[in-house]
Amino acid sequence: MARVVVDVMPKAEILDPQGKAVTGALQRLGFAGLAVRQGKRFELEVDDTVSDETLEHVAETLLANTVIEDFSVHRENA
């Protein structure tokens, strides 16, 4: 089995209220010069028969809302 990671982030032009809230909290705690955007990370355990094309399709159709989110898929080395 191999691990595949799908990272999903709001597109740059999409408002990210959760990221703004974290950024504000960090600033109140004295951490200046930081800007946060919050996304999602999915970890999939797959066997070697699952193709990269299938993984892209799964991410695009189920894990990400491609109207407002971008995603990346990569296999992690064991």
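The values are calculated or read from the model by the stated rules, or taken from the named source; none is laboratory data. Source: prediction; values computed, not measured. Every residue, glycine among them, receives a Cβ derived from its backbone with ideal geometry; neighbour counts consider all protein chains shown. Surface areas here come from the heavy atoms of the whole protein model, side chains and all, with no ligands, DNA or RNA. Shrake-Rupley method; radii C 1.70, N 1.55, O 1.52, S 1.80 Å.
Listing for the model above:
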item: Per residue, the convex hull volume that the Cα atoms of the chain enclose (Å³); result: 109 Å³
item: Protein accessible area in the chain, 1.4 Å probe - carbon and sulfur %; result: 55 percent
item: Order by protection proxy (mean Cβ within 10 Å, highest first), peptides 5-16, 46-57; result: 5-16, 46-57
item: Dipole magnitude of the chain, debye to nearest 20 (Cβ charges: Lys/Arg +1, Asp/Glu -1, about Cα centre); result: 700 debye
item: In range of the label at Asn65: residues from the range 5-29 whose backbone nitrogen is under 17 Å from the point 7 Å along Cα→Cβ; result: 8-20
item: For the range 15-55: span of alpha carbons on each principal axis (Å, largest first); result: 49, 19, 13
item: Positive-end residue of Leu62, Gly33, Leu44, charge dipole of the range 23-78 with Cβ unit charges; result: Gly33
item: Rounded to 10°, Cα long-axis angle of helix 17-28 versus longest principal axis of the chain; result: 50 degrees
item: Per-residue ³J(HN,Hα) for the range 38-52, Karplus 6.51 cos²θ - 1.76 cosθ + 1.60, θ = phi - 60°, Hz, x for Gly and Pro; result: 9, x, 10, 10, 10, 10, 10, 9, 10, 8, 5, 7, 7, 7, 4
item: Length added when fully stretched, Glu76-Ala2, from 0.36 nm per residue minus Cα-Cα; result: 25.9 nm
item: Accessible solvent surface per residue of the chain, calculated while the other protein chains remain in place, 1.4 angstrom probe, Å²; result: 72 Å²
item: For Phe71, solvent-accessible area (1.4 Å; no DNA, RNA or ligand), Å²; result: 60 Å²
